[in-house]
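**Student:** Take a look at this one; I'll ask things after.
The values are calculated or read from the model by the stated rules, or taken from the named source; none is laboratory data. Predicted model only: the values in this text are computed from it and were never measured. Cβ placement follows ideal geometry from the backbone for every residue including glycine, while neighbour counts extend to all protein chains displayed.
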């Protein structure tokens, strides 16, 4: 009868052992909670949550909690933000006011979208 032996188990990196089938934990400080990210950025937690929605701060909602990669926050801080003032937005919107082709473009867009073409004043 052949003798059987057990296979040696593979070691995980840095000695981390899976817990109950879950992946090993990230090194301390790599993944931040909302409170830790707020402390790192020196901002209130509410402002950090707001920045996720308004300025693309990289974060992930996991259930009812937030998680942030410290390196992603650092990259976000290095990237200059695109600022738009109210005046700049209004000047862009108003730039079409006197365009001689505006009405023709609007009619063509509505035709392509299958919307009724409504003349001004109707």
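**Student:** What are the pairs, 6+ residues apart or on separate chains, where a residue within the range 55-75 that is farther than 10 Å from residue 34 by Cβ has its Cβ under 7 Å from a residue that is loosely packed, with under 12 Cβ neighbours inside 10 Å?
**Tutor:** Listed by first residue and then by second, the contacts come to 55/81; 69/30; 70/29; 70/30.
**Student:** Right, another one. Condition first: exposed (fewer than 10 other Cβ atoms within 10 Å of the Cβ), at pLDDT below 90 and out of contact with any strand residue (DSSP E or B) (no Cβ under 6 Å at 6 or more places or on another chain). Can you find one or more residues in the range 40-55 that meet it?
**Tutor:** Yes, because at least one residue in the range 40-55 is exposed (fewer than 10 other Cβ atoms within 10 Å of the Cβ), at pLDDT below 90 and out of contact with any strand residue (DSSP E or B) (no Cβ under 6 Å at 6 or more places or on another chain).
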